[in-house]
Amino acid sequence: MTFRGKHLLGIEPLYPEEIREILDLADQYVDLNRRALKHSDALAGLTQINMFFENSTRTQASFELAGKRLGADVMNMAMQASSIKKGETLVDTALTLNAMHPDLLVVRHPHSGAVDLLAEKVNCAVLNAGDGRHEHPTQALLDALTIRRAKGRLHRLNIAICGDIAHSRVARSNIMLLGKMENRVRLVGPPTLMPSRIADFGVEVYDDMREGLKDVDVVMMLRLQRERMDGGFIPSEREYYHRFGLDAEKLDFAKKDAIVMHPGPMNRGVEIDGTIADDINRSVIQEQVEMGVAVRMAAMDLLARNRRASAPKTIEA
Ligand code: NCD
């Protein structure tokens, strides 16, 4: 089963073979991106619109660069200045854009499920760039590619995802992807930041970093997502760093060759010690950013191929 999807809305519906196909193509795009001339015409003639209803640095920049490197016409909608501010609904905005015949719509939205809803209303391929605390599929795919390249495989690894799991779409998408690829996933964090019934996802839950990190191959740190918290989930940042912040002493419990990951944006001294984040022997945080561009190129390339395959035959321009 290769990737036949019309949209990329989440990891949940993907088969392991589809994930592998996206990662294999992304590997090829990593090579292209390291060349002096980084151009392909995989999306030539196609229009990509990026709609970010929530702040973003890495994800938006990397979707834009990915589209441009593949030759698409890329437009970034300034959502702060858009008619959404005048009361237009998400669906009306989407229908307006749809009438301009985009081929790819990249959407980030603060509400879980908003991107799925939008995908039902438009004719183009929709890519979820993060919806609420639900899914962030390209982040999980870029994390998977980073792990596969660093460890030489993407199965039977012990992976600890640490911190604010409850508010994290990155954690959700990663738990599903890493589980589908037959890894052992541990979640480490304070009980107040653990979703209820999380053990149903086939993960092990810890509230002690030293126990949770024992002998893991991968340590994935998460930011405290304060914008999604509606009260005090932690006593203080100082206390949080003391118990759950990744420092050299806690990292020592992981395997000697364990890698350290973070999706960004990072809060140094809150969830991670700056020295560890910058340690090129342990941290793959910059590689994650590099893989992000390649994974987004692969995902958009495959969606465009699927679109061509299913399009009714029309007169070639
Ligand atoms: C993450 C996100 O937006 O979900 N960041 C990202 O996409 N690189 C994680 C976060 O905001 O902490």
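Counting Lys +1, Arg +1, Asp -1, Glu -1, what net charge surrounds Leu213 among other residues with beta carbon under 15 Å of its beta carbon? Cβ neighbours under 15 Å give a net charge of -3.
Counting only other residues whose beta carbon sits under 11 Å from that of Leu251, what net charge do I get with K and R as +1, D and E as -1? Cβ neighbours under 11 Å give a net charge of 0. Tilt of helix 169-180 relative to the longest C-alpha principal axis of the chain, in degrees (0 to 90, nearest 10)? Computed tilt is about 90 degrees. Helix 285-310 and the long axis of the chain differ in direction by around 30°, with both axes built from C-alpha atoms.
Take the alpha carbon gyration tensor of the range 121-227, find the square roots of its eigenvalues, order them as a ≥ b ≥ c, and report rounded if a/c is under 1.5; if not, report prolate when a/b exceeds b/c, else oblate. Oblate. With the Cα gyration tensor of the range 182-263 giving a ≥ b ≥ c as the square roots of its eigenvalues, does the rule (a/c under 1.5 for rounded; else a/b larger than b/c for prolate; else oblate) give rounded, prolate or oblate? Here the range 182-263 falls in the oblate category. Loop-located trypsin sites (Lys or Arg not before Pro) in the range 1-71 (DSSP state not H, G, I, E or B) with no more than 10 neighbouring Cβ atoms inside 10 Å: Arg34, Arg35. Electrostatic bookkeeping for Thr146 treats Lys and Arg as +1 and Asp and Glu as -1; over the other residues with beta carbon under 14 Å from its beta carbon, the sum is +2. The largest accessible area among Thr57, Thr93 belongs to the first residue in Thr57, Thr93, and the rest follow in falling order (1.4 Å probe, all chains). Note on the range 262-317 and the range 204-242: Cα centroid distance 24 Å, given to the nearest whole angstrom. A 1.4 Å probe, protein heavy atoms only, puts the accessible area of Glu12 near 110 Å².
Taking the accessible area of the chain, probe 1.4 Å, and keeping the other protein chains in place, the carbon and sulfur fraction comes to 51%. These residues, Ser236, Ser196, go from largest to smallest accessible area, 1.4 Å probe, as Ser196, Ser236. Loop-resident trypsin sites (Lys or Arg not before Pro) (DSSP state other than H, G, I, E or B) in the range 142-217 with no more than 14 further Cβ atoms inside 10 Å of their Cβ: Arg153, Arg156, Arg197.
In the assembled protein chains, Met100 presents an accessible area of approximately 120 Å² (probe radius 1.4 Å). Ligands, DNA and RNA are left out, and with a 1.4 angstrom probe the accessible area of the chain is 46 Å² per residue.
The values are calculated or read from the model by the stated rules, or taken from the named source; none is laboratory data. These numbers come from a predicted model, not from an experiment. A quick note on method: Cβ atoms are made from the backbone with ideal geometry, for glycine too, and the neighbour counts reach across all protein chains shown. Heavy atoms of the whole protein, side chains included, go into the accessibility calculation; ligands, DNA and RNA do not. Shrake-Rupley method; radii C 1.70, N 1.55, O 1.52, S 1.80 Å.
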